[in-house]
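Q: I'd like to ask you about the structure that follows.
The values are calculated or read from the model by the stated rules, or taken from the named source; none is laboratory data. Values in this document were obtained by computation on a predicted structure and should not be read as measured data. As a convention, Cβ positions derive from the backbone with ideal geometry for all residues, glycine included, and neighbour counts pool all protein chains shown.
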Amino acid sequence: MADGTVIWDLPGGQTYVTTPGSALLFPALCTPTGELPLAPAPPTRCANREGMMPLRASTRAENRAHYIAQERRHNHQARQTPQTSWATTQPTPPDHPPDDEPPPF
């Protein structure tokens with residue numbers, strides 16, 4: 001086995017062996033790290049998985065219907081409010097006549 005080789009043993013019995021390509025370019029970096037401790041076994045889960053699943057406050061259909069109704073109310077209110085035109089929001093021109101000189105910048 002070359003330095004830097006990783007061996008993966010899967011729970012299903014398959015074994016995969018990998019060798020990094022950097023082992024050829026940087027052999028000094030491929031020093032063994034030693035044996036790793038085994039990970040603790042995962043906790044056992046209860047048989048009834050429904051108890052672990054979060055419940056929705058409302059269904060997707062109810063959420064969609066609420067969203068559509070809210071948008072329709074918003075659009076109806078927007079149509080009911082008077083709209084100001086662009087011309088009424090423009091500043092009024094000054095009372096003195098414009099001079100023919102350009103601005104000082």
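Q: I'm checking my understanding of the structure. Among residues of the range 39-91 that are over 30 Å from residue 10 (Cβ atoms), over 28 Å from the mean Cα position of the chain (by Cα) and outside any helix (DSSP H, G or I), which one is modelled with the lowest pLDDT?
A: Restricting to residues being over 30 Å from residue 10 (Cβ atoms), over 28 Å from the mean Cα position of the chain (by Cα) and outside any helix (DSSP H, G or I), the top hit is 86.
Q: Which one is surrounded by the fewest Cβ atoms within 10 Å (Cβ to Cβ), of the residues in the range 16-30 that are of a type outside the set (Gly, Ala, Ser) and farther than 12 Å from residue 6 by Cα?
A: 25
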